[in-house]
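The values are calculated or read from the model by the stated rules, or taken from the named source; none is laboratory data. Quantities reported herein were computed from a predicted structural model and do not represent experimental measurements. As a convention, Cβ positions derive from the backbone with ideal geometry for all residues, glycine included, and neighbour counts pool all protein chains shown.
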Ligand code: UDP
Ligand code: MG
């Protein structure tokens, strides 16, 4: 540790990554050794069911620049990440997955841009290895929809892999919402941002923890945290269907009074009832989603509970 060197914190959330942590560490060391920076690594064990925490503690024994945070249970990646950021002391932080899908070799390039004066350096994936085509397609569509609907411009195809200057980090840490969509929050804070491109690799070992349901939930959090467009959509559809219903009613009245046509009935009635019933339920559902989020936010619970923490020597 030297006084005049700047400190770079590397925040790495881990859920069942026991097989990856050692490889991760050596690749981080290898790729950061030529940087003129002190390095601190902050592992967050997100309630892993395997030996992840033991592997982390073992590394920590011989390396005092490691912080090991052991959460009391699985809180999900977005929150695990936040815990890591809370305990980082660096002048800048890099957020990176422990499964080595985000190549540590890119860190020097992130740092280079930071030195050039950028406060947030995002890594944009131009290729994704070892991911199902369903995931690629849904994520392609999702980012484009979100981009259109949200109030801020959330960049497309950017994961969590990025570097943040201390200024941007401090701003980010002021946002304590429970439904955390980090990708959006990173953008929301603003500052001077820059994108660099990389090819996303396949996982080193193990398989993805984010199943379709959790991705769906995350996608929904992204949408509802940064847009009230769905609510507006419900009002618009409601308005349009009311107008249609009115016009349809008027036609029937005119037809019966002036042309004495019998009102053809049952089928169209059933169709209309199910259609509008569906729209009503959908709108209530959308409102419910937002109310549910209000409910969760107002409970004011802490974001996470730390079971045990061993700080790095850089901790202040
Ligand atoms: N992760 C976590 N908590 C979770 C799920 C995942 O901390 O509940 C971590 C995981 O260990 C990995 C990163 O978040 O370092 C990304 O997870 P994963 O590789 O499963 O997602 P993908 O890369 O497939 O989007
Ligand atoms: Mg991964």
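For residue 225, indicate whether it is within 34 Å of the chain's Cα centre (by Cα) and more than 22 Å from residue 154 (Cα to Cα).
On the way: within 34 Å of the chain's Cα centre (by Cα): yes; more than 22 Å from residue 154 (Cα to Cα): no.
It is false that residue 225 is within 34 Å of the chain's Cα centre (by Cα) and more than 22 Å from residue 154 (Cα to Cα).
Do we find a residue being in a strand (DSSP E or B) and within 16 Å of ligand 1 (Cβ to nearest atom) anywhere in segment 140-159?
yes
Kindly provide the set of residues from segment 300-312 that are part of a loop (DSSP other than H, G, I, E, B) and touching a strand residue (DSSP E or B) at 6+ places or on another chain (Cβ under 8 Å), ordered by number. Outline the logic, then answer.
Start the filter on segment 300-312 by keeping residues that are part of a loop (DSSP other than H, G, I, E, B), which leaves 300-305, 311-312.
Once the filter is applied, which keeps residues that are part of a loop (DSSP other than H, G, I, E, B) and touching a strand residue (DSSP E or B) at 6+ places or on another chain (Cβ under 8 Å), segment 300-312 yields 304, 305, 311, 312.
Only one of 296, 211, 300 is out of contact with any helix residue (DSSP H, G or I) (no Cβ under 9 Å at 6 or more places or on another chain) and surrounded by 13 or more Cβ atoms within 10 Å (Cβ to Cβ); which?
296
How many residues are over 30 Å from residue 228 (Cβ atoms), in a helix (DSSP H, G or I) and at pLDDT 75 or above when one looks only at segment 250-283? Steps first, please.
Our first condition is that a residue be over 30 Å from residue 228 (Cβ atoms); within segment 250-283, this holds for 250-271.
Next cut, in a helix (DSSP H, G or I) only: 250-259, 266-271.
Subset that is at pLDDT 75 or above: 250-259, 269.
Residues in segment 250-283 being over 30 Å from residue 228 (Cβ atoms), in a helix (DSSP H, G or I) and at pLDDT 75 or above: 11 in total.
Cβ contacts < 7 Å: first residue at positive phi, restricted to segment 107-132; second residue at pLDDT below 95, any location; separation 6+ or different chain. Result?
117/192; 130/202; 130/203
Since residue 3 meets every condition but one in (1) within 16 Å of ligand 1 (Cβ to nearest atom); (2) more than 25 Å from the chain's Cα centre (by Cα); (3) at pLDDT below 90, which condition does it not meet?
(1)
May I ask you to say which residue of 123, 68 is within 16 Å of the chain's Cα centre (by Cα) and within 16 Å of ligand 1 (Cβ to nearest atom)? If you could, list the steps in order and put the result at the bottom.
Working: 68 fails: within 16 Å of the chain's Cα centre (by Cα).
None of the other options fit; the residue is 123.
Could you look through segment 102-115, keep only residues that are within 16 Å of ligand 2 (Cβ to nearest atom) and out of contact with any helix residue (DSSP H, G or I) (no Cβ under 6 Å at 6 or more places or on another chain), and pick out the one that is nearest to residue 210 (Cα to Cα)? Reasoning before the result, please.
Our first condition is that a residue be within 16 Å of ligand 2 (Cβ to nearest atom); within segment 102-115, this holds for 102-104, 106.
Applying the additional criterion that residues be out of contact with any helix residue (DSSP H, G or I) (no Cβ under 6 Å at 6 or more places or on another chain) yields 102-103, 106.
Numbers: 102: 16, 103: 19, 106: 24 Å.
Among those that are within 16 Å of ligand 2 (Cβ to nearest atom) and out of contact with any helix residue (DSSP H, G or I) (no Cβ under 6 Å at 6 or more places or on another chain), it is 102.
Quick one: in segment 98-115, which of the residues that are surrounded by fewer than 22 Cβ atoms within 10 Å (Cβ to Cβ) and assigned to a loop (DSSP other than H, G, I, E, B) is farthest from ligand 1 (Cβ to nearest atom)?
103
Read through the list (1) farther than 24 Å from residue 75 by Cβ; (2) in a loop (DSSP other than H, G, I, E, B); (3) away from ligand 1 (no atom under 16 Å from the Cβ); (4) touching a helix residue (DSSP H, G or I) at 6+ places or on another chain (Cβ under 8 Å), then give the number of the only condition that residue 118 fails.
Every listed condition holds for residue 118 apart from (4).
If you go through segment 184-220, how many residues are at pLDDT below 80 and assigned to a helix (DSSP H, G or I)?
Count: 9.
Within 16 Å of ligand 2 (Cβ to nearest atom) and out of contact with any strand residue (DSSP E or B) (no Cβ under 8 Å at 6 or more places or on another chain), is that true of residue 99? Lay out the reasoning, then the answer.
Details: within 16 Å of ligand 2 (Cβ to nearest atom): yes; out of contact with any strand residue (DSSP E or B) (no Cβ under 8 Å at 6 or more places or on another chain): yes.
So residue 99 passes the test.
Check whether at least one residue in segment 228-249 is out of contact with any strand residue (DSSP E or B) (no Cβ under 7 Å at 6 or more places or on another chain), without any contact (Cβ under 8 Å) to a residue 12 or more places away in the chain and outside any helix (DSSP H, G or I), and report yes or no.
no
Is it true that some residue in segment 170-191 is away from ligand 1 (no atom under 16 Å from the Cβ), surrounded by fewer than 14 Cβ atoms within 10 Å (Cβ to Cβ) and within 20 Å of residue 116 (Cβ to Cβ)?
So far as segment 170-191 goes, yes, one or more of its residues are away from ligand 1 (no atom under 16 Å from the Cβ), surrounded by fewer than 14 Cβ atoms within 10 Å (Cβ to Cβ) and within 20 Å of residue 116 (Cβ to Cβ).
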